[in-house]
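Please treat every number below as a calculation from the coordinates, not as lab data. These numbers come from a predicted model, not from an experiment. Note that each Cβ is placed from the backbone with ideal geometry, even for glycine, and that neighbours are counted across all protein chains shown.
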Amino acid sequence: MRKLHSAMLIIALLLITFPFDSSHAQVVSVSPSVSRERYGIDRYLNIRSAASPALSQTGDRVAFLTNITGTSQVWMVNASGGWPDQLTFYTDRVDFIQLSPDGTGYIFGKAVGGNENAQLYWLSADGSQIRQLTDTPKIRHNFGSWSHDGKKISYASNKRNPDYFDVYIMDVATAREQLVYQQDGSNDPVAWSFDGRQLVVSHGGESLSLDNDLYLVDVATKQATHLTPHEGSAEFDSVYFTRDGRSILFTTNDNREFQSLALMDLQTKRVEILDDTQWDVGSTEMSDDGRMFAYAINRDGFSELYLREVGADGKLGPKGSAIALPGKGIAGGLDFSGDNAKLAFSFNGARFNTDIWLYNVESRALAQVTHSSRAGIPQSSFVEPELIHYKSFDGREIPAWYYRPQPNVTASIGRSSIQVTTSDGTTTPATGTLNVSGGQMTLSANAGGALPVIVSVHGGPEGQSRPDFNAINQYFLSRGYAILAPNVRGSTGYGKTYTHLDDVRKREDSVKDLAAAVDWLKSQGGADPRRIAVMGGSYGGYMTLAAITLYPEIWSAAVDTVGIANFESFLKNTSGYRRKLREVEYGSLERDLEFLRAASPLNRVTQIKTPLMVIHGKNDPRVPYTEAEQIVKALRERGAPVEYKLFDDEGHGINKLSNRLIVYPQMVDFLDRYMKP
């Protein structure tokens with residue numbers, strides 16, 4: 001109704017511009033959105049993005065990742081703009097790029113075929129030379145950071161044992177590596193002292209989910225000091241040494257609901273909260289000299305970006321007002337120039353595909369550096385969501401983003417009235433009448449047909465649906481579908497208590513939140529109850545399968561991408577280092593086997609009545625493709641409607657454009673087939 005009223009106001013303006021012709025009726029079309037199939041799915045899939053900026057020392061050049069060629073590669077551009085130069089040319093995507101503090105070269109990482117066994121590479125500052133630093137294809141390397149002198153790098157690797165990650169440092173010039181921290185667990189280097197003598201290592205918790213500890217490691221002696229003894233689940237992230245070497249700046253939710261900025265004295269281990277935010281601190285970055293600090297607060301899904309000075313002891317200067325962003329959206333990938341004059345970051349929102357922006361610290365001016373193609377699709381056609389809340393089975397309020405398609409509007413102008421018809425793509429038209437009498441205009445409206453809706457479930461489960469740019473969602477919106485992206489219990493961004501509401505035996509409470517979402521869609525969201533689909537990837541894929549087994553009557557179609565079908569086989573077959581991390585969230589094979597079997601969608605496959613599409617990558621190290629094979633086999637044996645697409649050169653998701661151009665049109669055809677009015 002809100003869209004219809006807006007459209008009718010447009011018609012009212014037309015009356016002023018185009019007065020009635022008393023001799024005959026006129027027809028005027030007003031189209032605030034793209035018409036059905038004006039832009040095909042291939043156009044939306046070719047919308048580009050640019051992210052992960054790495055500013056040069058003087059801020060005049062920016063290296064970054066963009067998918068112009070179909071997979072993310074390293075490119076470089078003048079900060080003032082212009083056409084970028086491509087520096088890497090692989091068939092597989094580059095995962096990250098980071099410039100050394102002395103500006104002499106970059107480190108980037110790349111795996112093969114989605115297997116996530118990233119190898120590390122050095123790239124010269126001008127982009128002319130590439131040297132591979134690690135060459136062990138069956139070993140994974142998790143990059144940490146550069147040393148402050150730009151001569152060494154830190155990283156974690158499972159070369160000693162596939163199930164555990166130890167911490168190494170490497171001399172970049174010689175590629176000689178040194179083991180500095182060995183422990184049978186998941187460990188990552190997260191900060192390096194300015195003098196190069198100490199590392200902070202994060203050790204993942206093995207008994208609670210979303211839990212870790214920090215250790216101070218002496219690089220020479222390899223002695224480790226536990227910095228963060230605590231009770232219950234707590235996270236300690238975004239760690240930076242202060243210039244005086246006596247403290248660390250970091251974020252934590254220990255004894256609190258949200259990730260807040262904190263300062264720890266390394267001798268006393270006393271912690272002081274520096275910014276007591278009631279929302280999580282997300283992206284952070286400290287300048288190479290330790291004098292500037294930038295961070296983004298995740299306020300109800302949107303970013304607020306702040307810039308503050310840092311004293312030698314880690315104390316922060318005045319907070320000031322947030323940097324004015326290009327629009328409503330999400331800022332990340334923060335990076336300072338070597339002279340601290342500029343801050344680069346990536347920005348995206350529901351109407352903004354991801355691009356690199358540059359903030360001038362002195363003038364406070366903001367400039368767009370990259371201009372990623374929108375494939376000729378008008379930005380005005382992209383839809384921004386409404387933040388809604390709905391009640392679930394226990395009365396808890398669940399936040400969700402609701403995207404309604406823009407209507408197409410047609411007006412038939414008669415002698416004394418205008419008949420307005422809006423068509424939301426696949427929906428039945430809604431109508432309204434504007435009556436003109438005695439110089440007065442009266443608007444009346446009749447609600448039209450109900451909307452087909454896709455309920456899109458995020459992965460994780462430690463994740464959050466945010467109002468970011470999603471080309472596939474925008475395509476479906478242009479076709480008249482509505483999108484609901486709920487943050488069911490277990491999502492991050494709403495406090496520690498909320499995040500742990502789905503742990504282990506509370507797993508299916510989050511699925512109940514999906515059923516409650518459908519109730520809201522029917523009662524308040526204008527949804528057609530016969531045309532509601534559910535889809536998700538990774539953990540969202542599991543949620544999709546769980547939804548159609550626990551609530552088989554409410555879904556018209558479902559799409560599962562790289563999802564878990566059988567918790568028992570998943571935990572047995574996933575990468576060894578991931579099993580421990582996932583058991584604290586889902587349950588242990590030793591202690592919770594019966595529950596895991598009961599909660600597995602495969603063991604309730606006879607309940608599935610919903611047509612299902614399953615998508616997977618054969619090289620997936622997280623959720624093995626055999627999860628897809630099991631659910632597809634079981635459904636085919638029953639003669640149930642199921643479609644299956646497996647890619648031999650993909651892993652945990654479908655990333656290559658060539659493959660996306662195959663699978664997403666198939667997904668569109670699948671949903672159209674089962675979501676027709």
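Some notes on this structure:
- Here the convex hull built on the C-alpha positions of region 55-166 has a volume of 95 cubic angstrom per residue.
- Kirkwood-type radius of region 158-222, with distances r between different C-alpha atoms, in Å: 12.6
- DSSP bridge analysis restricted to the chain gives an antiparallel fraction near 85%, rounded to the nearest 5.
- P(r) weight above 17 Å for region 550-677, C-alpha pairs, percent: 61
- Considering only the Cα atoms of the chain, their convex hull presents on average a projected area of 31.4 nm².
- Taking the inverse of the mean reciprocal distance over all distinct Cα pairs, the Kirkwood hydrodynamic radius of region 584-654 comes to 13.5 Å.
- Burial ordering of His389, His203, fewest other beta-carbon atoms within 10 Å first: His389, His203
- Simple Cβ-charge dipole of the chain, Lys/Arg +1 and Asp/Glu -1, about Cα centre, in debye nearest 20: 1860
- Distance histogram in 10 Å bins (all Cα pairs of region 461-593, percent per bin): 11, 39, 35, 13, 2
- Spacing of the two label points (7 Å from each Cα toward its C-beta) at Glu257 and Ala640, in nm: 3.9
- Alpha-carbon Rg with Dmax, taken over region 340-402, Å: 17.7, 52
- The C-alpha atoms of the chain define a longest principal axis, and helix 626-637 lies at about 30 degrees to it.
- Mean ellipticity per residue at 222 nm, deg cm²/dmol - from DSSP H runs of n ≥ 4 across the chain, formula -39500 (n - 2.57): -5000 deg cm²/dmol
- Taking only the Cα atoms of region 33-96, the ratio Rg/Rh comes out at 1.11, with Rh defined as the Kirkwood radius.
- Over region 208-248, the pair-distance histogram of Cα-Cα distances with 10 Å bins from zero comes to 24, 49, 25, 3 percent, rounded to whole numbers.
- The mean of 1/r over all pairs of different alpha-carbon atoms in region 171-278, once inverted, gives a Kirkwood hydrodynamic radius of 14.6 Å.
- Entry note: region 298-415 has Rg to Rh equal to 1.12, where both radii use alpha-carbon atoms and Rh is the Kirkwood radius.
- The alpha-carbon positions of region 136-179 define a convex hull whose volume is 67 Å³ per residue.
- In degrees, nearest ten, helix 509-523 long axis to first principal axis of the chain (Cα): 20
- Segments 460-471, 570-581 sorted - mean Cβ within 10 Å per residue, highest first: 460-471, 570-581
- FRET efficiency, Gln379 to Asp669 (Cβ-Cβ, R0 22 Å, nearest 0.05): 0.20
- The residues neighbouring Ala220, those whose beta-carbon lies less than 14 Å from its own, together hold a net charge of +1 under the Lys/Arg +1, Asp/Glu -1 convention.
- Taking the fewest neighbouring Cβ atoms within 10 Å as the starting point, the ordered list for Thr221, Thr284 is Thr221, Thr284.
- Comparing Val239, Leu325, Thr221 along the charge dipole axis of region 221-333, the residue lying farthest to the positive side is Thr221, per the Cβ-charge model.
- Helix 576-586 vs. the chain, principal-axis angle (Cα, 0 to 90°, nearest 10): 50
- Cross-link pairs beyond the 19 Å C-alpha cut-off, checked among Lys522/Lys676; Lys152/Lys222; Lys512/Lys572; Lys618/Lys645; Lys609/Lys633; Lys328/Lys391: Lys512/Lys572; Lys328/Lys391
- Relative exposure of Ser207, Ser52, Ser145, judged by other C-beta atoms within 10 Å (fewest first): Ser207, Ser145, Ser52
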